[in-house]
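The values are calculated or read from the model by the stated rules, or taken from the named source; none is laboratory data. Computed from a predicted model, the values in this text were never measured in an experiment. Cβ placement follows ideal geometry from the backbone for every residue including glycine, while neighbour counts extend to all protein chains displayed.
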Amino acid sequence: MTHAILRGVLVPGALLGLVFAWRPLAAVPLTLYPDNPHYFLFRGQPTVLVTSGEHYGAVLNRDFNYVRYLRTLARDGLNLTRTFAGAYVEPPGAFNIASNTLAPAAGRFLCPWARSAQPGYANGGNRFDLTRWDPAYFERLKAFLAEASRRGVVVELNLFCPFYDESQWRLSPLNASNNVNGVGTVARTNVYTLDRHGGLLAHQEAMVRRIVAELAPFDNLYYEICNEPYFGGVTIEWQHHIAEVITDAERGLSVRHLISQNIANGKARVEKPHPAVSIFNFHYASPPDAVPLNYGLNRVIGDNETGFNGTNDLPYRVEAWNFLMAGGGLFNHLDYSFAVGHENGRFRYPATQPGGGNPELRRQFGALRRFLDGLGVVRLAPDADVVKGGVPDDCTARALSRPGRTYAVYVALRPDKAKKPPPADAEPAYRSMTLDLELPPGFYRVAWFCPVLGKVIARGTQDHLHGIARLRSPLFVHDIVLRLDRQPATP
């Protein structure tokens, strides 16, 4: 068998041809919406990505029924999922997650690299050979993308993840104890660097190039460089290098998928953005300060992971609405009700879980997505000036508008209040309010939308002559949405 050197990695010649095989695209991949790059264009339609997905193990966990899972997402009106490529895996019990999909049972872990003939992998089976690919992995990965494509679900493929502690590093194929290649004898905090990686960089590059080549035909895909790179010693130089590896690999394939960079937990201002990166993702971005801080970049700002606010629905629904009404273009709730054997999203996790998720919350997220689609959100922008008063003291208001045409205002409990909702058996505390809005004169159609019920609960009209318009809401409990559409003047 012939061999070749691919950036320092010995690759069998027969496989090398597969690495660089070109196949035509069935459709133009997900891209930024040309007229408003804070959102996406997918299959010819302006798109906001909204989901409530499993804990990223759908491909690498052999026991997870991804067909049933993707069917559930599509049925609930959701259009995104996030999955890890396989360089990182977790042990059972990590982060106090019950039935963690990212923690396969012994012998059930699948990753890009083939097993060798030598026993000794830390979680069962033989060690890995970083110079050989596993056909079963790529078959499952592509089948997952194909199934998602059929259901209109976009896949974020997260390529790498830092090792938060030794328990994850002990399970990685990149650890020298788990491969037969004599590489990876480094501290877990040096794995994702350009100068202290102990020979791993070439294998990381080769993995990225192989995945990029295999997934070239799929339009329902974008790549995230690294999950939470602000932990575990991941350097910004290494992240930019991986972005360039993706770009270079796709240049030879005549295709371009979007690239995401995970910036911070909460908020941060993106400094010196890499030109290849089109999506800037944040975790636990409530309140949504990350959006106004980075809106001027004219790229998608995402809230890509939620949690640590209990298991109640309210804080996550408020987080989703606030983030997207602030001008974000992507929201992904981490949903712990998906587990092996419970791919329909009905796993009853313990109260100690570090987050929430259930069918009812997914239905509410689906209603949010439909509302934004119906609003024509790509024609709107954040509006900090339209609301002039009337918001209850314990609430906030977020507005999107197309001035003089369309306005949407979301009023909800402040995030700090939403974290501690009343007990489920408590009587609802109904309220009303009168919003003061600065609007141009005109005749407006008025609709009040309930985020819980997912439907309009009151309609009316407002003939506004001048000054401040005052609109009285129907009764609500935690949150409500106002939509105003100014009607064309009659000749």
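Listed here are the residues, each with its yes/no results for (1) among the charged types (D, E, K, R); (2) over 27 Å from residue 378 (Cα atoms); (3) out of contact with any Asp or Glu (no Cβ under 8 Å at 6 or more places or on another chain).
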residue	(1), (2), (3)
273	no, no, yes
285	no, no, no
288	no, no, no
296	no, no, yes
302	no, no, yes
307	no, yes, yes
330	no, no, no
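Considering the conditions (1) under 21 Å from residue 91 (Cα atoms); (2) modelled with pLDDT under 95, residue 159 is excluded by exactly one of them, (2).
Taken residue by residue, region 241-258 has no member that is crowded, with 24+ Cβ neighbours inside 10 Å, at pLDDT 95 or above and either polar (S, T, N, Q) or within 22 Å of residue 398 (Cα to Cα) (or both). Of the candidates 227, 190, the single residue that is on the phi < 0 side of the Ramachandran plot, among the polar types (S, T, N, Q) and surrounded by 21 or more Cβ atoms within 10 Å (Cβ to Cβ) is 227. Scanning region 126-143 for residues that are touching a Ser or Thr at 6+ places or on another chain (Cβ under 8 Å) and crowded, with 23+ Cβ neighbours inside 10 Å yields a single hit, 128. All of (1) at pLDDT 95 or above; (2) closer than 30 Å to residue 201 by Cα; (3) among the hydroxyl-bearing types (Ser, Thr, Tyr) hold for residue 33 with one exception: (2). Scanning region 233-275 for residues that are free of Cβ contacts under 8 Å to residues at least 40 places away in the same chain and out of contact with any strand residue (DSSP E or B) (no Cβ under 8 Å at 6 or more places or on another chain) yields a total of 10. If the condition is being over 23 Å from residue 385 (Cβ atoms) and in contact (Cβ under 8 Å) with a residue 12 or more places away in the chain, then region 457-488 contributes 457, 458, 459, 460, 461, 474, 475, 476, 477, 478.
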